[in-house]
1. Subtracting the Cα-Cα distance from 0.36 nm times the residue separation, let me have the gained length for Glu276 to Asn83 in nm, one decimal.
2. Rounded to the nearest angstrom and ordered from largest down, what semi-axes does the equivalent ellipsoid of region 248-324 get from its C-alpha gyration tensor (root of 5λ)?
3. Give a residue-ordered list of calculated ³J(HN,Hα) values for region 80-85 (Karplus: 6.51 cos²θ - 1.76 cosθ + 1.60, θ = phi - 60°; whole Hz; x for Gly, Pro).
4. Give me the net charge of Ala165's neighbourhood, meaning all other residues with Cβ under 14 Å from the Cβ of Ala165; Lys, Arg count +1, Asp, Glu -1.
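Please treat every number below as a calculation from the coordinates, not as lab data. Keep in mind the model is a prediction, meaning the values are calculated, not measured. No Cβ is skipped: glycine too gets one built from the backbone with ideal geometry, and neighbour counts run over all protein chains shown.
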Amino acid sequence: MARVKKPKPMHAQEKLTFLLSLVPFLIERERVSVAEVADHFGVDAEQIREAVRLIAVSGVPGETSTYQYEDLFDIAWDDFEDNDQIVLTNQVALDDSPRFSAREAAALIAGLQYLSALPENADRTAVASLMTKLSRGASAQPSPLAVEDTGSDATLALIRESVTAGTQLEFDYLGARGTRERRRVDPLRVESMDADWYLRGWDHLRGAVRTFRLDRISGPRVSEQPISHSAGDVTLPDSLFESSADDLVVTVDVLNSAAALLADYIPDGAAREQLEGRVRTTVRVSHYHGLKRLMAGMSGVATVVEPAEARRVVAEWAAAGAARYDGDAS
């Protein structure tokens, strides 16, 4: 007669780890068979039964430091004994644990919905699972919501298609100086800064990594040419914008509290002079047209100091904008 091999006994630490994993597993499934649980954890069915019996006499003592019925886990015993089914009928120390409010969960779900549309998140199963868990775990049902489409969503969809297919992306790109060129790019990463989205990719026209603002891309299409550079092949710098020998150096004063907003533009080793509530430092820009837009986003917190040409360009651009408002008012 063949001998039935007994399951290997668990050490105390292994048993604790097993029980800590078993409880949330049972809670998530509401009703599950002993055989299914045993198969999931790779243990003998009798070990599952013993663990369930142990859980059923576990709990947290109440305010009187004694165990009352509601302080213990409980199961549907008839279902357990007769049908080998596990159903938790009372849970302890869980409903009192910190939870996201419905508003907090809704905000997180909105962010996850947007992230799931980005090309680097090609496998969106994990994101969808996390959104489901956030909905279940909130203190109340999150309000239904949807993320509004933006003008860049169609471009993002094509970038994602390009990444999935492993082929190059072609588009017309309007440079900051007003020139338009046709580009072929191996998409590497999509990133955001403030309200703008940027594509970082290997530019076959320049033979190097370049950054493209999505709202300056027009006529995008997925080509049939396979990519030659993937995100795993290229080391991307931490900063979104890279300096070059042709960059213009501009001295600015910026509030201490806002200096971090210019971090991507301040070169390594740049001098910093501490003034009253401000810091004087230098930024690198490829041209003064980009400086105008940069300063527009730092209105009231940053000032161009030198060179004089940079001050003049920014001042004239700001004056022209103010004049248009004056014309509308009149």
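1. Working: separation 193, 0.36 × 193 = 69.48 nm, distance 7.66 nm.
Going from the current span to full extension adds 61.8 nm.
2. Values: eigenvalues 83, 38, 23 Å².
Working from the Cα gyration tensor, I get semi-axes of 20, 14, 11 Å.
3. Rounded to whole hertz, the list is 5, 6, 8, 10, 6, 10.
4. Details: positive: Arg160, Arg221; negative: Glu161, Glu170, Asp186, Glu224.
Result for the neighbourhood of Ala165: -2.
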